[in-house]
Amino acid sequence: EGDEIVVRGRVGGAMPFVPGRAVMTLADAEKLIACSDREHDPCPKPWDYCCETDKLATSSALITVVDENGNVVKADARALLDVKELSTVIVKGKAKRDEAGNLTVLANGVFVKNL
């Protein structure tokens, strides 16, 4: 809680973006396999990790891009960061956990690896 951390993952989940806000979900690329990475998988939404839903809650983090005052940036993450589903992203920020243990990263640095 409150530690400065760096995380790497792929944008994914059932609803990976919050429209109009710089918020997205990152899935741990080391622990989860997207449907598109499975040979001959016809899944129309490979970023939802439908074959890995039992692992998604413990292998993902909510990324919230914040301004210098700690407020959520009011811009869609897709446009602001040029990011899309399954993009690889490296994030630096402060760790925050809720009562259920879910991880949120209050991001002050984001690098998107576009192919």
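The values are calculated or read from the model by the stated rules, or taken from the named source; none is laboratory data. Every value quoted in this text rests on a predicted model; they were computed, and no experiment measured them. With ideal geometry, Cβ positions are generated from the backbone for all residues, glycine too; neighbour counts draw on all protein chains shown. These area figures cover heavy atoms from the full protein model, side chains too; ligands, DNA and RNA do not enter into them. Shrake-Rupley method; radii C 1.70, N 1.55, O 1.52, S 1.80 Å.
Worth pointing out:
- Check: the chain dipole with +1 on Lys, Arg Cβ and -1 on Asp, Glu Cβ, in debye: 240
- Label-point gap, in nm, between N108 and A95 - each point 7 angstrom along Cα→Cβ: 1.7
- Distance from the C-alpha centroid of region 22-65 to that of region 76-113: 14 Å, rounded to the whole angstrom.
- Calculated FRET efficiency for the pair E39/A75, C-beta based, R₀ 41 Å, to 0.05: 0.65
- Three-way shape label, region 1-44, alpha-carbon gyration tensor, a/c 1.5: oblate
- Taking D76, D28, D67 in turn, the Gaussian network model of the chain (Cα-Cα springs below 10 Å) assigns the largest fluctuation to D67.
- Size of the chain from its Cα atoms: along the principal axes, largest to smallest, the extents are 46, 30, 21 Å.
- Residue-normalised accessible area of the chain, given per residue in Å² at a 1.4 Å probe: 60
- Hits among aspartates and glutamates - C-alpha to C-alpha of K96 under 15 Å, sequence gap 8 or more where chains match: E1, D3, E4
- Most mobile listed residue (S36, S60, S87) in the chain, GNM with C-alpha springs under 10 Å: S36
- Those lysines that a straight Cα-Cα span of less than 24 Å connects to K45, excepting residues fewer than 8 apart in one chain: K31, K55, K84, K113
- Per-residue ellipticity at 222 nm computed for the chain from its helices equals -1500 deg cm²/dmol, with DSSP H segments shorter than 4 residues left out and the rest contributing -39,500 (n - 2.57).
- Amide H contacts of S87 (H built 1.01 Å from N, in plane; Pro and chain starts excluded): V11 sit under 5 Å, all sequence-distant by 5 or more or on other chains.
- Cβ distances below 4.7 Å define possible disulfide partners, and in the chain the cysteines left without one are C50, C51.
- Ligands, DNA and RNA left out, the 1.4 Å accessible surface of the chain is 52% carbon and sulfur atoms.
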